[in-house]
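For reference, the structure is listed below as structure tokens.
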Amino acid sequence: MKKEKILGFDVCNENEEKILKNIFSDYNEGKQSIIFSINPEIIVNKNKDNEYIQLLNNEKYQIPDGIGIVYASKLNKGKIKERITGIDMMEKLCKESVNYKSKIFLYGAKAGVAEDAKIQLEKKYSGINIVQTCNGYIEESIALDNIIKVKPDILFVGLGSPKQEEFILNNKEKLKNIRILMPVGGSFDVISQNLSRAPNWVIKMNLEWLHRLVKQPIRIFRQIKLLKFIFYVITNKIRKKERKNVKN
Ligand code: UDP
């Protein structure tokens, strides 16, 4: 998988189709794929945590989740052309899973939400095999035991960041038989229709963040991080340029 670095974080710069193809070819070979969504918020929250960055970088798939990542790549003369959101990737994986009859487990969100998401996914992808759901507010060890017992092929974890990434990384050994593991943030809330996603034209204009802000004004504190991210990317670029000038 071809990748580039955004402030130390690896991000795949292949298109979505190629990434999906790779994931399912790994699936066929019995290899495990962990798919992390890299967005400005994770980068700002964790940019000083080298150990964490390394753990994310060690996996094969890190998708460019957010227009901020696309712009940062552009500024670095990178190759990331479009964002791949976690929710879109999750839906594509669900669609493709039908061909593999994969057993899917949905873990996360408030009571009843993952169950509603299951119903919606079953309506959308005929033949999908969601074997169990579990809300994200029960004790983690109970959820883990449940997942291990059910032996899914695909596990989506919607606990919010960094809880969901840590759940996967901390339990990697216990979850080693699961072929696809992916943290998905608030995707169950949207898929279950408990929270609406922006209209398509808003998504296309890269203004989804604004829609989320209107729907959940409390997110303002999280979205301020986007400004911090832009600041980091620009100062990093300036520093690199200065270093280059000193060398010359
Ligand atoms: N959540 C959970 N358990 C927790 C904390 C959060 O299941 O202990 C869920 C929450 O209900 C929501 C999701 O995690 O469904 C986090 O959504 P958020 O909007 O923060 O994620 P984003 O999509 O922004 O990454």
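A short reminder: the numbers here are calculations on the coordinates, not readings from a lab. From a predicted model like this one, the values you see are computed outputs, not experimental measurements. When we count neighbours, we look across all protein chains shown, and the Cβ atoms used for this are built from the backbone with ideal geometry, even at glycine.
Quick look at the numbers
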| quantity | calculated |
| --- | --- |
| Over the chain: helical MRE at 222 nm, DSSP H runs n ≥ 4 each giving -39500 (n - 2.57), nearest 500 | -15500 deg cm²/dmol |
| For region 210-228 versus region 109-138, the gap between their alpha-carbon centres in whole angstrom | 27 |
| Under 19 Å between alpha carbons - lysine pairs in region 207-248 that sit 8 or more apart or on different chains | 5 |
| Note, ³J(HN,Hα) from phi for region 185-193, Karplus 6.51, -1.76, 1.60, rounded to Hz, x at Gly and Pro | x, x, 4, 4, 4, 7, 4, 6, 6 |
| Other-chain or far-sequence residues with amide H under 5 Å of PHE36's (modelled H) | TYR61, GLN62, ILE63 |
| Integer Hz, Karplus 6.51/-1.76/1.60 couplings in order for region 32-48, x for Gly and Pro | 8, 10, 10, 10, 9, 9, 9, 10, x, 5, 4, 5, 5, 5, 10, 5, 9 |
| Rounded Å value of the spacing that divides the Cα centres of region 188-204 and region 28-85 | 22 |
| Size of charge dipole - the chain - debye, nearest 20, with Cβ of Lys, Arg +1 and Asp, Glu -1, no other charges | 1160 |
| MET1, MET182, MET90 arranged by Cβ crowding within 10 Å, fewest neighbours leading | MET1, MET182, MET90 |
| Per-peptide average of other Cβ atoms within 10 Å, ordering 219-226, 79-86 highest first | 79-86, 219-226 |
| Degrees, to the nearest 10: 140-150 long Cα axis against longest axis of the chain | 60 |
| Rounded tilt (10° steps) of 16-28 against the dominant C-alpha axis of the chain | 50 |
| Long pairs among LYS5/LYS60; LYS95/LYS123; LYS60/LYS110; LYS101/LYS151; LYS31/LYS60; LYS5/LYS31, criterion Cα-Cα beyond 22 Å | LYS60/LYS110; LYS5/LYS31 |
